[in-house]
Amino acid sequence: MTPNRPVRELISYAIGGGWGLDGPEEGLVPVAVIRGADFPAIASGDVSSLPLRHETPKRAQGRYLMTGDIVLEVSGGTKNRPTGRVVRVSERVSRAARAPLIPASFCRLIRPNSELIDDGYLYYWLLDMYSQGRTWAYQVQSTGLANFQFEHFLDAELVSLPPLDEQRRIAGVLGAFDDLIAVNRQLIDHLGAMQSAVFADLDSDDLQSAEPEVAIGEVLQVFGGSTPSTKVPEYWDGGEINWATPKDLSRLSSTPLLRTERRITPSGLARISSGLLPAGTLLMSSRAPVGYLAIAEIPTAINQGFIAIKGSDELPPLYLLEWLRAHIGDVMGLANGSTFQEISKRNFRTLRIRVPKQHELSKFMSVAVPCHRSIVALEEECDEMARTRDALLPLLMSGQVRVREVTA
């Protein structure tokens, strides 16, 4: 019979995170800080978004993350999302970080006891716990901020503990999906870099001989979105129409928008100023965070946090995406606002762009189109692998399915 043991008995070390100072000062050491917002990127092996901070050696020393350590988010949950999210520090992440890693102050380092539990197994057990909603039991609200009752959790949660070799096999099966997803993400980044490199060659040389600059609003259609009232059930209940928010754009990349979190009904769609945008529309987040880009691969409606641009034969969406990425400084210069930064449609329409000549555009599109198609296919593979992993996770952790049944 598989024994159950409290989490406290299965960890050898735990400590809260830090934040340090923004700039270097005498006696401080640089650290790369993992925040809750970085968890999805870290899970894919991407450390590019981690902020570089500076801590005292004494404070940093006890918080340095090692391969196999787990970072647990203990503060910052919302009414719709509990605390308790986790991410595991892989060897890939440890190697790629530009400075020693520490968890952020709203997180906690957990180091598994390797004699009792495999670090991968504990990580997936914690993922399963979160996906089942059990972390709600440890969330308390304090001064407007949701916190995780870590000490209570350590004693209250019992971990099903098969033999170590079985733990490693379970973690190996689930980890294989995550490894393949990480490889796909790297390929996606390389393909996006190829697109950008071809555009950069044109932007620095050939495009200097292009037609004079014109305002985007003079040559392209620019749209904004809106949000139907959440208090009107017929706008949402049973809806099948894709409705996107900036949360669906997770990275500054050429990653296409494949799915949205919520759906609206035809009645709800009628309340959205831009209506249903066709596949191929370029989307840019216009509110914090500003400047996230994607090309919608599905017809979708958008909320007011977006600017949407319909391309043309002379300025197709792929070309516009790379132009905006290359001129992001000009784009960000349009942002203003006292509460949060925002780019208005009116300001965006004043951006001036060169319309490339046909041979220049053909040169770019001959590379960009196959790259983008490959990116879409790789993203679909990632989604499929993630769905399979998530379906297997509770079955393997509960013992309903054995590893030999999955690998047979």
Rounded if a/c is under 1.5, else prolate if a/b is larger than b/c, else oblate: which is region 29-70, with a ≥ b ≥ c the root eigenvalues of its Cα gyration tensor?
oblate
As a test of reading the structure, rank F106, F150 by solvent-accessible area (1.4 Å probe, protein chains only), most first.
F106, F150
Where Rh is the Kirkwood radius over Cα pairs, Rg/Rh for the chain:
1.00
Length gained if D313 through S48 is fully extended, taking 0.36 nm per residue and subtracting the Cα-Cα distance, is 92.0 nm
Protection proxy ranking, peptides 37-44, 24-31, average beta carbon neighbours within 10 Å, highest first:
37-44, 24-31
Calculate the spin-label point distance for A270 paired with M194, positioning each point 7 Å from the Cα along the beta-carbon direction, and give it in nanometres.
4.7
If R0 = 30 Å, then E261 and Q358, at their Cβ-Cβ distance, give a FRET efficiency to the nearest 0.05 of 0.15
At 7 Å along Cα-to-Cβ for each site, give me the label-to-label distance between E381 and V367 in nm.
2.2
For the chain, the charge dipole (Cβ of Lys, Arg +1; Cβ of Asp, Glu -1; about the Cα centre) points to a positive end, and the Cα of I15, A335, L320 closest to that extreme belongs to I15
For the chain, which whole percent of the accessible surface, found with a 1.4 angstrom probe, sits on carbon and sulfur atoms?
51
Hey, any idea what the orientation-averaged projected area of the convex hull of region 102-169's Cα atoms comes to, in nm²?
5.6
Could you give the length gained on full extension between E9 and D165, defined as 0.36 nm per residue of separation minus the Cα-Cα distance, in nm?
54.3 nm
Could you give the nm distance between label points at R402 and V232, where each point is 7 Å from its Cα heading toward the beta carbon?
5.7
In Å², and per residue, what accessible area does region 97-244 have when probed at 1.4 Å with the other protein chains present?
47
Taking R0 as 56 Å, what FRET efficiency do you get between V219 and H152 from their Cβ-Cβ distance, rounded to the nearest 0.05?
0.40
Mind listing the long-range amide H neighbours of A146? Cut-off is under 5 Å, sequence gap 5 or more, other chains count too, H placed in the peptide plane at 1.01 Å from N.
G76, G77
Over the chain, the sum of -39500 (n - 2.57) across DSSP H runs of at least four, divided by residue number and rounded to 500 deg cm²/dmol, gives at 222 nm -11500 deg cm²/dmol
With the label point 7 Å along the Cα-to-beta-carbon line of L145 and a cut-off under 15 Å to each amide N, the hits in region 36-56 are 36-37
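The values are calculated or read from the model by the stated rules, or taken from the named source; none is laboratory data. Small disclaimer: the values here were computed from a predicted structure and weren't measured. Every residue, glycine as well, gets a Cβ built from its backbone with ideal geometry; the counts of neighbours run over all protein chains shown. Ligands, DNA and RNA are stripped out before the accessible areas are found, and what is left, the full protein with its side chains, is counted by its heavy atoms. Shrake-Rupley method; radii C 1.70, N 1.55, O 1.52, S 1.80 Å.
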